[in-house]
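The values are calculated or read from the model by the stated rules, or taken from the named source; none is laboratory data. Values in this document were obtained by computation on a predicted structure and should not be read as measured data. Methodologically, a virtual Cβ is constructed for each residue, glycine included, from the backbone with ideal geometry; neighbour enumeration extends over all protein chains shown. Please note that ligands, DNA and RNA were not included when accessible areas were found on the heavy atoms of the full protein model with its side chains. Shrake-Rupley method; radii C 1.70, N 1.55, O 1.52, S 1.80 Å.
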Amino acid sequence: MGGVETGGTRVRCAVGTGPDDVRAETTVPTTTPAETLRRVLEFFRAHTEITAVGAACFGPIDLDRSSPTFGRITTTPKPGWRGADVVGALRTLSVPVAFDTDVNGAALAEYRWGAGRGVDPFVYVTVGTGIGGGAIVGARPVHGLVHPEMGHVPITRDSADTFAGACPYHRDCLEGLASAVALSQRWGALPETLPAEHEAWRLQARYLALGVAAIAAVLSPPRIVLGGGVMRAAGLLARVRAETVKTLAGYVRAPDLVPPALGERAGVLGALALAQATLAEAGVQ
Ligand code: ZN
């Protein structure tokens with residue numbers, strides 16, 4: 001399988017069948033779509049043994065196979081990438097192409113090989129520059145009208161929080177209030193420089209718990225992985241767990257909140273899993 005995860009700053013490519021069998025890997029910087037995709041194709045063309053390729057891509061993306069813009073990135077604020085035809089580029093490899101969001105890819109990888117094994121429904125949330133969530137229901141990544149955008153759920157603002165919010169579309173949605181960008185703008189310092197006792201973390205745990213409660217109310221996953229750079233802050237996961245229990249107020253059980261098992265490779269491993277799934281659906285062994 002070939003797998004490619006396109007991220008905001010870099011694109012990871014891998015050839016293999018899973019976390020214990022990665023036979024080749026490379027990372028290319030995310031520059032223009034033309035330059036970036038050219039280097040991705042160069043890598044895969046050197047591996048003629050691949051029988052399918054999966055792409056786990058930052059979004060929003062068009063997953064509707066009947067749409068004229070299927071396989072493209074749509075309303076991203078990332079300069080130059082609006083309309084980028086990821087699937088079109090990969091189809092030049094002449095193997096089946098699977099396509100999904102980066103977080104659905106990561107969710108699928110954690111579900112198959114990591115912290116989500118045996119858990120269904122299962123949700124993977126990343127809290128970094130942005131906030132995104134992927135969901136597995138019935139062993140498959142959830143698609144829909146578009147695809148889940150869990151980072152953009154509206155949440156209740158804390159009455160003491162005067163920060164306007166960082167989301168260019170909604171201002172104070174979950175991502176607008178609790179992403180790394182929001183933290184940096186609200187406190188005037190990078191999240192990794194804020195000490196554990198800083199007021200930022202009480203508020204951060206509260207906001208993330210509101211997001212988790214929304215996910216729990218809609219999908220009822222027994223377990224949710226919380227990953228991404230912001231979640232590496234000391235003690236944050238434990239505080240989100242406690243706040244989630246408070247937020248749900250005993251009405252329903254709180255899902256287990258756990259760190260990812262596959263680390264930064266979850267996305268590209270998910271792309272390998274997507275490629276495998278596409279071959280399985282086509283009846284190819
Ligand atoms: Zn938003």
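Taking a quarter of the surface of the Cα convex hull of segment 129-168 gives a mean projected area of 4.3 nm². Just checking the listed ones, HIS143, HIS152, HIS170: in the Gaussian network model of the chain with Cα springs under 10 Å, the one fluctuating most is HIS170.
The share of accessible area on segment 115-258 that comes from carbon and sulfur is 57 percent, using a 1.4 angstrom probe.
Other residues with beta-carbon under 9 Å from the beta-carbon of ALA14 carry, at +1 per Lys or Arg and -1 per Asp or Glu, a net charge of +1.
Near the amide H of ALA52, within less than 5 Å, lie the amide hydrogens of GLY2, all on another chain or at least 5 residues away, with H placed in the peptide plane. Sites listed here are chymotrypsin sites (Phe, Trp or Tyr not before Pro) in segment 83-189 whose DSSP assignment is loop and whose Cβ has at most 13 other Cβ atoms within 10 Å: TYR169. Each peptide among 224-233, 253-262, 171-180 gets the average number of other Cβ atoms lying within 10 Å of its residues, and from highest to lowest they stand as 171-180, 224-233, 253-262.
Considering only LEU145, LEU37, LEU190, the mean-square fluctuation computed in a Gaussian network model of the chain, springs between alpha carbons under 10 angstrom, is largest for LEU145.
For ALA24, nonlocal amide neighbours, meaning residues 5 or more places apart or on other chains whose placed amide H falls under 5 Å from its own, are VAL15.
Rolling a 1.4 Å probe over the heavy atoms of the protein chains gives the chain an accessible area of 45 Å² per residue.
Its residue count N sets the reference 2.2 N^0.38 Å, and the alpha-carbon radius of gyration of the chain equals 0.99 times that reference.
Temperature 10 °C, viscosity 1.306 mPa s: under these conditions the Stokes-Einstein estimate for segment 2-101, based on its Kirkwood radius over C-alpha pairs, is 117 µm² per second. Taken over segment 115-258, the alpha-carbon convex hull comes to 106 cubic angstrom per residue. Helical runs (DSSP H, four residues minimum) scored at -39500 (n - 2.57) apiece and divided by the length of the chain put the mean residue ellipticity at 222 nm at -10000 deg cm²/dmol. Relative to the compact-globule estimate of 2.2 N^0.38 Å, the Cα radius of gyration of segment 158-206 comes out at 1.05. Of the accessible area of segment 2-101, computed with a 1.4 Å probe over protein heavy atoms only, carbon and sulfur atoms account for 51 percent.
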